[in-house]
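Shown next, in structure tokens, is the structure this report addresses.
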Amino acid sequence: MSDLNVGIVGLGWVAGAHIDTFKAVNGANVTAICSRRDHNEDDLAAQYGTPLKAYKNYDDMIADPDIHIIDICTPHKFHADQAVAAAEAGKHLLIEKPICLSYEDLKRVRDAIVAAGVQSCVCFECRFSAHFSMIRSIIDEGLLGELHYGEVDYYHGIGPWYGQFEWNVKKDFAGSSLLTAGCHALDACLFFMDGDVEEVTSLATRSRSDIFEPYEYDTTTVSLLKFANGNAAKVTSCVDCLQPYYFHIHLVGSEGSLLDNRIYSHKLHGMSKERWSTLETSLIDSGDVADHPYEPQFQAFVDGINANEPMPRTNFDIAFETHRVNFAADLSASEGRTVNLSEFD
């Protein structure tokens with residue numbers, strides 16, 4: 001079976017990480033890029049260490065029969081239209097989160113993917129990290145028993161020192177605190193807690209620091225999730241904090257609890273309930289895309305395409321549900337009321 005060719009649209013920081021990742025993926029290669037800027041192909045090859053065909057017109061790239069996967073790495077506001085066009089052109093889709101900025105666009109992208117019969121991957125890559133894989137194994141092995149409460153919180157100050165700050169401050173580009181960044185925490189919460197979210201209650205606020213004044217939307221939100229099975233969870237998205245990056249995870253169950261990379265389990269005889277026991281693993285502790293676990297995710301995506309079946313953990317249907325809860329949370333914060341997920345059927 002011949003390798004799949006990948007065309008990346010958008011040539012910023014994230015795209016560079018994707019290009020480097022695909023060099024380690026079996027069965028796929030990045031062969032083209034599309035950017036609004038003019039690029040010399042020899043310069044691109046020297047910079048990224050691989051031959052790249054340069055397109056300036058997106059329609060030309062998706063019309064190329066030698067490109068099989070479109071990898072969308074543009075600012076968020078462009079994702080929906082680009083994803084729909086690529087699906088209609090018969091291309092498999094790799095989409096950086098968020099998929100889009102509205103529920104209407106989310107359904108539009110879904111319908112295009114279903115109609116075209118293409119495979120898709122959404123970059124909630126944390127699900128493929130060693131840390132999250134370990135937590136999922138602990139849950140599946142029953143060491144926490146039946147979960148009834150969880151907290152998953154995202155603290156990452158996105159200020160002028162961060163590459164996407166210039167456009168991330170704009171509401172029509174970034175959407176909300178959750179959509180632009182905190183959706184990783186929301187997605188993690190759904191990955192760990194299982195079950196369907198029934199309703200969401202959210203509050204929003206923002207820093208009074210001059211550093212974050214350019215933001216056109218509230219930069220900190222806290223969301224309470226009520227699950228149909230009676231479980232509860234909290235998700236914080238804070239992109240206006242002045243502190244080290246912190247991805248906080250606290251899960252509480254009938255047989256024990258987990259806090260980040262520490263555990264107490266009643267099922268492990270001899271553990272002390274007075275102290276946490278540390279689990280050695282690689283933590284999600286950086287907002288640098290170079291540190292993100294793209295490789296196992298992209299490999300699973302390519303393997304899914306070759307098997308003609310949805311990839312595990314981050315296929316479109318799974319990411320659709322995370323976005324549906326995200327949009328409900330943002331509506332709750334903006335209207336000051338609890339939102340039932342039935343409003344997003």
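The values are calculated or read from the model by the stated rules, or taken from the named source; none is laboratory data. Since we're looking at a predicted model, the values are computed, not measured. We place every Cβ from the backbone using ideal geometry, glycine too, and count neighbours over all the protein chains shown.
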Q: Just name the residue that is nearest to I139 (Cα to Cα) out of those in the range 153-200 that are surrounded by fewer than 23 Cβ atoms within 10 Å (Cβ to Cβ) and acidic (D, E).
A: D194
Q) strands (runs of 3 or more DSSP E) wholly in the range 84-191 with at least 2 residues that are of a type in the set (D, E, K, R) - which ones? A) 147-155
Q: Among the residues of the range 1-28, count how many are polar (S, T, N, Q) and surrounded by 17 or more Cβ atoms within 10 Å (Cβ to Cβ).
A: 2
**Q.** Every residue from the range 229-277 that is among the basic types (K, R) and closer than 25 Å to S176 by Cβ
**A.** K234
Q. Taking the range 201-244 as the region of interest, how many residues are assigned to a loop (DSSP other than H, G, I, E, B) and either surrounded by 14 or more Cβ atoms within 10 Å (Cβ to Cβ) or among the basic types (K, R) (or both)?
A. 11
Q: Among what's in the range 79-89 and is touching a strand residue (DSSP E or B) at 6+ places or on another chain (Cβ under 8 Å) and of a type outside the set (G, A, S), pick the residue that is surrounded by the most Cβ atoms within 10 Å (Cβ to Cβ).
A: H79
Q: State yes or no: is S133 touching a helix residue (DSSP H, G or I) at 6+ places or on another chain (Cβ under 9 Å), in the same structural domain as L225 (by TED's automatic domain parsing) and without any contact (Cβ under 8 Å) to a residue 24 or more places away in the chain?
A: yes
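Residue check: is E198 more than 18 Å from the chain's Cα centre (by Cα), part of a loop (DSSP other than H, G, I, E, B) and of a type outside the set (K, R)? Even if it seems obvious, please write down each step before you answer.
On the way: more than 18 Å from the chain's Cα centre (by Cα): yes; part of a loop (DSSP other than H, G, I, E, B): no; of a type outside the set (K, R): yes.
No; evaluated as a whole, the condition is false for this residue.
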Q: Just give me the residues in the range 326-345 being under 22 Å from the mean Cα position of the chain (by Cα) and hydroxyl-bearing (S, T, Y), in sequence order.
A: S332
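Kindly check whether there is at least one residue in the range 40-53 that is in contact (Cβ under 8 Å) with a residue 12 or more places away in the chain, buried (at least 16 other Cβ atoms within 10 Å of the Cβ) and either under 19 Å from Y294 (Cβ atoms) or touching a Cys at 6+ places or on another chain (Cβ under 8 Å) (or both).
Going through the range 40-53, the residues in contact (Cβ under 8 Å) with a residue 12 or more places away in the chain turn out to be 40-41, 48-53.
Remaining after also requiring buried (at least 16 other Cβ atoms within 10 Å of the Cβ): 48, 52-53.
Within this subset, residues satisfying the condition of being either under 19 Å from Y294 (Cβ atoms) or touching a Cys at 6+ places or on another chain (Cβ under 8 Å) (or both) are 48, 52.
Yes.
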**Q.** Count of the range 307-341 residues which are assigned to a helix (DSSP H, G or I), outside the structural domain of A204 (by TED's automatic domain parsing) and exposed (fewer than 14 other Cβ atoms within 10 Å of the Cβ)
**A.** 2
Q: Please identify the pairs in which a residue from the range 90-111 that is in the same structural domain as V30 (by TED's automatic domain parsing) and crowded, with 20+ Cβ neighbours inside 10 Å has its Cβ atom under 9 Å from the Cβ atom of a residue that is part of a loop (DSSP other than H, G, I, E, B) and among the polar types (S, T, N, Q), counting only partners at least 6 apart or on another chain.
A: H92/Q119; L93/Q119; E96/T74; L101/S176
Q: Looking at (1) charged (D, E, K, R); (2) in a loop (DSSP other than H, G, I, E, B); (3) closer than 16 Å to C121 by Cα, find the lone condition where D71 falls short.
A: (2)
Q: Identify the single condition in (1) of a type in the set (D, E, K, R); (2) farther than 30 Å from R206 by Cα; (3) out of contact with any helix residue (DSSP H, G or I) (no Cβ under 6 Å at 6 or more places or on another chain) that K234 does not satisfy, given that it satisfies every other one.
A: (2)
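Among residues belonging to the range 245-286 that are assigned to a loop (DSSP other than H, G, I, E, B) and of a type in the set (A, V, I, L, M, F, W, C), point out the one that is surrounded by the fewest Cβ atoms within 10 Å (Cβ to Cβ).
Taking the range 245-286 and keeping what is assigned to a loop (DSSP other than H, G, I, E, B), we get 245, 254-255, 260-261, 266-276, 279-286.
Filter again for of a type in the set (A, V, I, L, M, F, W, C), leaving 268, 271, 276, 279, 283-284.
Values: L268: 12, M271: 15, W276: 16, L279: 14, L283: 14, I284: 24.
My answer is L268.
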Q | helices (runs of 4 or more DSSP H) contained entirely in the range 1-64, each with at least 2 residues that are assigned by TED's automatic domain parsing to the domain that holds F78 and of a type in the set (F, W, Y) | A | 13-22
